[in-house]
Amino acid sequence: MPPIPTMKAIVASETGSPSVLTVTPHHPTPQPAANQLLVKNHIIGINYIDIYFRTGLYPSPKPEILGREAVGTVVSLGPGENKYNFKVGDRVAWLSTGAYAEYTAVPAEKAVVVPEGISDEVVMGSLLSGLTVLTLVKEAYPVEKGEWVLLHAAAGGAGYLMTQVLKSLGAKVIGTAGGKEKVELVKSLGADYVIDYRSEEGKDWVGRVKEITGGKGVDVVYDSVGKDTWEGSLEAVKRKGMVVWFGNASGPVPPLPLPKLSPKCLKVARPTLFSYIETREEFEYYINELFELLKSGDLKVKIHKVYPLDQVAQAHTDLEGRKTTGKLLLKA
């Protein structure tokens, strides 16, 4: 049974602007079904995918509690087999839906006990973003030492982590970012070149990428921006290179005519994290790798701000306005 019959939750009543996110102080507390855990959330991650569901870019039924990840404490177990041996009181991180709330019933298969020595904030500063990064650089396009990589939005929640991971693999990284502060941040992470797309140089960022790479272009582009950068990304990649689109911060990439890929024999991918970690074995593989990077200190996390749960609309506004660097979090 849930510890209390109702909870505070943020409900997206319909699609639209951040104003559709309604603070609901007495929302029914969920009860865990078979193979589920009821988790009292501590810290909740905010991701661009939440905005896609809020605006309707990714269709989903409304009203809806948004949010795809949180860290918290197990307060009860669903009936039946406890396949992964969770206990009441375990501190767990999880990936599912319905995170913008005090409690969430989550699938046990997508929850994991957090090791000692990693704070709630560090876990949420890296969970969904970090798993995304690891799957992109190991599966979508396995990056090798010495390869040129163009990374858009290199100061964002995923970009901040990806810059570090790419450099640890020995890649030569060209990052793009908006404004001097973000440029300096990405440089501090070891990026070889950082292009400020708001500067005069940044107006022709494709030309600058070509110049840096001796006219050849990069081996791979990781592009989470979408509409505003997709054509340039196809130009900036070398012959027989690859463009990996994994986000739509400026809007979705329009329909892509396949003949556009022919002149340079290009490859494109549009991956999504949850298809890379569909099985428990895949999930555990990547999350254990992430935890090792965090425990060793080889992967640093940057938190932009921890917002109170009822300020989630402001957090969405800040994220969409490109006013942030690193990860935005909510405190339940």
Among the listed pairs K187/K267; K138/K295; K167/K295, give every one whose C-alpha distance is greater than 24 Å.
K187/K267
Quick one: work out the % antiparallel among DSSP beta bridges in the stretch 48-183, nearest 5.
65 percent
Which value in Å does the Kirkwood hydrodynamic radius of the stretch 25-65 take, with 1/r averaged over all unlike C-alpha pairs and then inverted?
12.8 Å
Given N residues in the stretch 1-92, what is its alpha carbon radius of gyration divided by 2.2 N^0.38 Å?
1.20
Label-to-label distance, nm, for residues given as K87 and K240 (7 Å Cα→Cβ offset):
5.5 nm
The extension gain from D228 to E139, computed as 0.36 nm times the residue separation minus the Cα-Cα distance, is 29.5 nm
Using θ = phi - 60° and Karplus 6.51 cos²θ - 1.76 cosθ + 1.60, couplings along the stretch 48-59 (whole Hz; Gly, Pro as x)
4, 4, 4, 5, 4, 6, 5, 7, x, 4, 9, x
Counting other Cβ atoms within 10 Å, which GluC sites (Glu not before Pro) in the stretch 207-293 have at most 14 and lie in a DSSP loop?
E278
In nm, the gap between the two label points placed 7 Å beyond Cα toward Cβ at E281 and K300 is 3.7 nm
Going 7 Å from the Cα of K331 in the Cα-to-Cβ direction, what parts of the stretch 294-308 have a backbone nitrogen less than 19 Å from that spot?
302-308
Dimensionless Rg over Rh [the stretch 64-201; C-alpha; Kirkwood]:
1.08
Within the chain, what whole-number % of the accessible surface is contributed by carbon and sulfur, with the 1.4 Å probe and all protein chains included in the calculation?
53 percent
Would you please classify the overall shape of the stretch 141-231 from the alpha carbon gyration tensor, given that a ≥ b ≥ c denote the square roots of the eigenvalues, rounded means a/c under 1.5, and beyond that prolate means a/b larger than b/c while oblate covers the rest?
rounded
Roughly speaking, what is the centre-to-centre gap between the stretch 214-267 and the stretch 165-188 when only Cα atoms are used, to the nearest Å?
19 Å
Over the stretch 204-270: Rg over Rh, Cα atoms, Kirkwood Rh
0.95
For S224, which sequence-distant residues (separation of 5 or more, or a different chain) have an amide H within less than 5 Å of its own amide H, given hydrogens modelled in the peptide plane?
H152, F246
Using a 1.4 angstrom probe on the protein heavy atoms only, line up R322, R198, R68 by accessible area, largest first.
R198, R322, R68
Whose amide H sits under 5 Å from the amide H of V218, counting only residues 5 or more places off or on another chain, with H placed in the peptide plane?
V237, K238
Treating the angle as unsigned and between 0 and 90°, give the value, to the nearest 10°, between the Cα long axis of helix 280-296 and the longest Cα principal axis of the chain.
80 degrees
Hypothetical label at E320: residues of the stretch 6-20 whose amide nitrogen lies under 20 Å (7 Å Cα-Cβ projection)
10-20
Once each part is reduced to its C-alpha centroid, what is the distance from the stretch 95-135 to the stretch 136-162 in angstrom?
21 Å
q = 0.18, 0.24, 0.27 Å⁻¹, the stretch 77-140: log10 I(q)/I(0) [Debye, one scatterer per Cα]:
-0.80, -1.20, -1.32
Computed over the chain, the distribution of all Cα-Cα distances in 20 Å bins, rounded to whole %, is 31, 56, 12, 0
Using 0.36 nm per residue of separation minus the Cα-Cα distance, give me the extension gain between H26 and R270 in nm, one decimal.
83.9 nm
The stretch 30-66 versus the stretch 275-329: alpha-carbon centroid distance in Å:
15 Å
Only bridges with both residues in the chain count here: give the DSSP antiparallel percent, nearest 5.
60 percent
With Rg and the Kirkwood Rh both taken from Cα atoms, where does Rg over Rh land for the stretch 251-297?
1.22
In whole percent, the Cα-Cα distances of the stretch 185-332 spread across 10 Å bins from 0 upward as 9, 27, 36, 24, 4, 0
Roughly how many Å² is the accessible area per residue of the chain, as a whole number, for a 1.4 Å probe?
43 Å²
Please build a GNM for the chain, connecting alpha carbons under 10 Å apart, and tell me which residue among L37, L166, L256 fluctuates the most.
L256
Once phi for every residue in the stretch 163-168 is put through the Karplus expression 6.51 cos²θ - 1.76 cosθ + 1.60 (θ = phi - 60°), the whole-Hz ³J(HN,Hα) values, with Gly and Pro written as x, are 4, 5, 5, 4, 5, 5
Residues whose placed amide H lies under 5 Å from that of H304, excluding near-sequence neighbours:
K327, L328
In whole Hz, the Karplus estimates of ³J(HN,Hα) for the stretch 255-267 (6.51, -1.76, 1.60; θ = phi - 60°; x where Gly or Pro) are x, 9, x, 4, x, 5, 8, 5, x, 10, 6, 7, 10
Once you order the gyration tensor axes a ≥ b ≥ c over the Cα atoms, which shape class does the stretch 270-320 get: rounded for a/c under 1.5, otherwise prolate or oblate by comparing a/b with b/c?
oblate
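The values are calculated or read from the model by the stated rules, or taken from the named source; none is laboratory data. Treat the numbers as computed from the prediction; the structure is a model and nothing was measured. All Cβ positions, glycine included, derive from the backbone under ideal geometry; neighbour counts span all protein chains shown. For accessibility, only protein heavy atoms count, side chains too; no ligands or nucleic acids. Shrake-Rupley method; radii C 1.70, N 1.55, O 1.52, S 1.80 Å.
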